[in-house]
1. Which members of the stretch A:18-39 meet the condition of being under 29 Å from A:F246 (Cβ atoms) and either of a type in the set (D, E, K, R) or without any contact (Cβ under 8 Å) to a residue 12 or more places away in the chain (or both)?
2. Output the residues belonging to the stretch B:19-47 that are crowded, with 19+ Cβ neighbours inside 10 Å and within 20 Å of B:V121 (Cα to Cα).
3. Quick check on this structure: which one of B:V286, B:V334, B:V280 is farther than 25 Å from B:A439 by Cα and either aliphatic (A, V, I, L, M) or assigned by TED's automatic domain parsing to the domain that holds B:I183 (or both)?
4. Looking only at residues in the stretch B:271-298 that are closer than 25 Å to B:L339 by Cβ and part of a loop (DSSP other than H, G, I, E, B), which one is farthest from the other protein chains (Cβ to nearest Cβ)?
5. Give me the pairs: first residue in the stretch A:5-17 and in contact (Cβ under 8 Å) with a residue 60 or more places away in the chain and among the hydroxyl-bearing types (S, T, Y), second residue crowded, with 18+ Cβ neighbours inside 10 Å and outside any strand (DSSP E or B), beta-carbon distance under 7 Å, and six or more apart or on different chains, which are they?
6. Out of the residues in the stretch B:358-399 that are modelled with pLDDT under 90 and touching a helix residue (DSSP H, G or I) at 6+ places or on another chain (Cβ under 9 Å), which is nearest to B:V292 (Cα to Cα)?
7. For the stretch B:151-168, which residues satisfy the criterion of being within 14 Å of chain A (Cβ to nearest Cβ) and crowded, with 24+ Cβ neighbours inside 10 Å?
8. Determine the pairs where a residue that is surrounded by 15 or more Cβ atoms within 10 Å (Cβ to Cβ), located within the stretch B:1-13, has a partner that is among the acidic types (D, E) and in a loop (DSSP other than H, G, I, E, B) with Cβ atoms under 6 Å apart, the partner being 6 or more residues away or on another chain.
Amino acid sequence: MYMAYKILEKKELNPQIFLMKIEAPLVAKKAEPGQFIILRIDEYGERVPFTIADYDRAEGTVTIIVQAVGKTTMDLSKLGTGDEVLDFAGPLGVPTKLDGKKKVAVIGGGLGTAIAYPQAKKLSKLGADVTVIAGFRSEDFIILEEELKAVANKLIITTDDGSNGVKGFVTDRLNEEISAGEKYDEVIAIGPLVMMRAVCTLTKQYDIPTTVSMNPVMIDGTGMCGGCRVIVGGETKFACVDGPDFDGHLIDWQAALNRQNMFKEFEKSACEDGKCRIGRTHHA
Amino acid sequence: MPNMSLKKNPMPEQAPEIRNKNFLEVSTGYTPAMAMDEAQRCLRCKIKPCVTGCPVGVKIPEFMALVAEGKFEEAYQKITEDNSLPAICGRVCPQESQCESKCVRCAKGEPVAIGRLERFVADYHMNHGSDDVKTAPANGKKVAVVGSGPSGLSAAGDLAKLGYDVTIYEAFHTAGGVLMYGIPEFRLPKDIVQKEIEKLEKMGVKIEKNVIIGKTILVDELFEDYGYDAVYIGSGAGLPSFLKIEGETLNGVYSANEFLTRINLMKGYKFPQYDTPVYVGKDVAVFGGGNVAMDAARSAKRLGAENVYIVYRRGFNELPARAEEIMHAQEEGVQFALLKNPTKFIGDEKGWLCGVELVNMELGEPDESGRRRPAPVEGSEHILGIDTAVIAIGQTPNPLIKQTTEGLETNSRGCIVADENGATTKKMVYAGGDVVTGAATVILAMGAGKKAAAAIDEELKK
């Protein structure tokens, strides 16, 4: 039925981050914010999870936003409109619970902003008052500014170097908002582990429920490998089937940070080798 | 004249010190002469106890007689009357506790090598025969099969033969289930599995990969939106159990599923030709004593580990793995740390595994499974230095279908409740294999698939 998954659109969002709209009608039909897909480029490829950034059920497409940092994401960055990926499965994971919220702060860090966007969009559609705080390294790395503006009641952009928006970290801005009397029923934080941990440390002080989206190493995405386990409230959970969203105040952040490094050395060697691999013909 | 040798014809194999460095198949298979000689050890006894030991009732003495006469293709046809995947079963069935355990030759000496002969015949057919399987004319009815492991494949094969329009839905990018992601290449070459699957496709079975039933498509939608008349669930036992001890999220600790999937399905043993890495350190402990544990231990050895230990809480005689796998593991240098149980994993400052605390066990009275219950020996805790751990203590069914299918009853262990024909509590939904029984064997899963196929046919003919 669907032998390959065609890339219908590719757009660079910044020098490292690009968007891909992929034809996958069955996935599009079921996709919800907070869920993810597993993609494999070719028969040599890894199965890599990507959070669903957007979907269009009528068009039958799913959009992912990718940062070229590892072997698979770099290979993916070389593909363009009209190319295909071999495997694309989903939607996986539990959708984020977004209904019934009055006022929510959605925090995105770097690429995490791409994942925070569909959540902000859906919250806005459900009638919530949405504040988006999105942090980037510098002006060149800002993504989705226009899109976020359209769905947020208030958008705050921060950059580490102050080249655009406010200089500083997302946590500082969130702290300012809370101190100024903003009352959030929930904070949703999506980004690098250290950022999510910092947000949780802050919101814990104010006792604001905080949801984070974990993106650990996984293979199948269906609960089979257990590679994506995270410790939540002292219990082992699988990000793929129990998450990827969890109560940020219950996450064992140190364990999560350690596990992130498990395959780092391999990733480095795979990238250094680039395309010139023994016995391998790439896209022959 | 029957061959009265007390011993089986030995299986030609790669030498242990060579094979523990490669992923090629360990056993290279009988020659035709060996097969004919071995088949003559069968006494063709009237009572056929071997057949009662086979979960699918393969007509063993009949196929033995054909092998003895050199009629290998006819022997293949005889086997496939009851078993559609003989090349696989000949390699992975626990014959010593099934057919061969009942062989009358066991009274004095070794049983007839039924498993090896089944494998020989199937391999002979793959190399010499043709796969023009006759299927009944299309009957216009559609059946969806969930999962392409042994249970789903056998159900799909039988239903296709009966003229049904069969589609298998597979969550992964490759069909075959545990035959692809679980059992290693050196025990079950993957091209054999793929040939069996191609045979089904030639019979008209369609395979939809990357579709997760319960997520991408719900069971109810298979009936309502896709127009299936029946659904067979053979989604297996994919959820790994962990030990639930301290340190289980340390780097270097794997579930057997993750470790073996990286190696087998993702071909991590060919990294970096393939992108998926598999980390194996110098000292590896595998926890558990079943076939999966043996597969993990032997894979670790092949990936260059210096010391590989099987850590099992009972004794040698209680190891649940196939006798051949235990023997092969020993020959390949896997060490057995028996009557030991892990109490906690120990990590370094960067979160990497560097050891495990073990406690010695002693065996007490038999428990409900009939095996002697192990109990810890107080004060016997000691540390084993390891940098890789693989947890192979079992799997339970994946909950995705259960969570999204109303009216489908499951038990306290998460297994789908089904009767002996595979009928579940939901209309026209059948289930079988590990998703019903919990983790068991390939042949039992196949048997369940066959029974359910017959029951589905019975019901749809009404």
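1. Matches in the stretch A:18-39: A:K21, A:K29, A:K30, A:E32.
2. Result: B:V26, B:Y30, B:M34, B:A35, B:M36, B:E38, B:A39, B:Q40, B:R41, B:C42.
3. B:V280
4. Applying the filter and picking the extreme gives B:G289.
5. Between residues of the stretch A:5-17 that are in contact (Cβ under 8 Å) with a residue 60 or more places away in the chain and among the hydroxyl-bearing types (S, T, Y) and residues that are crowded, with 18+ Cβ neighbours inside 10 Å and outside any strand (DSSP E or B), the close pairs are A:Y5/A:A24.
6. B:N398
7. B:I168 - this is the single residue of the stretch B:151-168 that is within 14 Å of chain A (Cβ to nearest Cβ) and crowded, with 24+ Cβ neighbours inside 10 Å.
8. Listed pairs, sorted by first residue: B:K8/B:E110.
The values are calculated or read from the model by the stated rules, or taken from the named source; none is laboratory data. The structure displayed is predicted, hence computed values, not measured ones. Backbone-built Cβ (ideal geometry, glycine too); neighbour counts: all protein chains shown. SASA here: full protein model, heavy atoms, side chains in, ligands and nucleic acids out. Shrake-Rupley method; radii C 1.70, N 1.55, O 1.52, S 1.80 Å.
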